[in-house]
Amino acid sequence: MKCLNPAELLQVMEVRACIEPSVTARAAARATPADIVQLHALLDAMRREPSRQEFTDLDRTFHRAIAQYTRNPLLLRLLDRVYEIGEPGRRSSPLSAARRRSTIEEHQAILRAVEARDPEAARAASEAHLESVLRRIEAQQRRDAG
């Protein structure tokens, strides 16, 4: 896989920020009880302190599951492609204990909104999560540059 330069990684995050909040809102309206159970299981697995690789895989699976809950295969294929493009950046970015905690907390907020069947809260939680990820990437890039 081609390694992403900083500008490309930010572009991937911008694309995700344009798409994922709407996807999450649709998932909140369409998720089944079984889907909610799956999200809880993914979040529980993230809390068990998995390896770096496992945590990254669980994170991607969490986001992909939400896209599946839209019941729109085209949205899923589109996001799969975006995730594939961004994968080298995900694999190379640092994953501290604080970052793991914030990711879990942000995913928990998304899960609560989806579980409540609240599309606007789900959209807001997704926007907040992606903004947080973007801020972490930008801060890391400043540290690397300086």
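Once the Cα atoms of helix 73-92 and of the chain are each reduced to a long axis, what angle between those two axes, in degrees from 0 to 90 to the nearest 10, is obtained?
Approximately 30 degrees, to the nearest ten.
Comparing Glu54, Glu87, Glu106, which has the greatest mean-square fluctuation in the GNM of the chain with Cα pairs linked when under 10 Å apart?
Glu54
Write out the trypsin sites (Lys or Arg not before Pro) in the range 1-105 meeting two conditions: DSSP loop, and at most 15 other Cβ atoms within 10 Å of their Cβ. Walk me through the numbers on the way to the answer.
Working: sites: Lys2, Arg16, Arg26, Arg30, Arg47, Arg48, Arg52, Arg60, Arg64, Arg71, Arg77, Arg81, Arg90, Arg91, Arg99, Arg100, Arg101; in loops: Lys2, Arg48, Arg71.
Here the sparse-neighbourhood loop sites are Lys2, Arg48, Arg71.
With +1 on each Lys and Arg Cβ and -1 on each Asp and Glu Cβ, and nothing else charged, work out how big the dipole of the range 6-145 is about its Cα centre, in Debye to the nearest 20.
Details: 23 positive and 21 negative charges, 22 e Å.
With Lys and Arg at +1 and Asp and Glu at -1, about 100 debye.
Simple spin-label model, 7 Å along Cα-to-Cβ: Arg64 to Ala45 in nm?
Output for this residue pair reads 1.0 nm.
So for the chain, taking the charge dipole from beta-carbon charges (+1 Lys/Arg, -1 Asp/Glu), which of Gln53, Thr32, Leu130 sits furthest toward the positive end?
Value computed over the given set: Gln53.
Which residue, chosen from Leu9, Ser102, Pro119, occupies the Cα position most advanced towards the positive end of the dipole of the chain, where the dipole is computed from +1 (Lys, Arg) and -1 (Asp, Glu) charges on Cβ about the Cα centre?
Farthest towards the positive pole: Leu9.
Sort out for me the Cα centre separation of the range 9-79 from the range 90-146, rounded to whole Å.
12
Please give the FRET efficiency for Ala116 paired with Gln140, using the beta carbon to beta carbon distance and R0 = 22 Å, rounded to the nearest 0.05. Don't skip to the answer; put the middle values down first.
Details: r = 33 Å, r/R0 = 1.49.
FRET efficiency, Ala116 to Gln140: 0.10.
A short reminder: the numbers here are calculations on the coordinates, not readings from a lab. Treat the numbers as computed from the prediction; the structure is a model and nothing was measured. Here the Cβ is made from the backbone with ideal geometry for all residues, glycine too, and neighbour counts use every protein chain on show.
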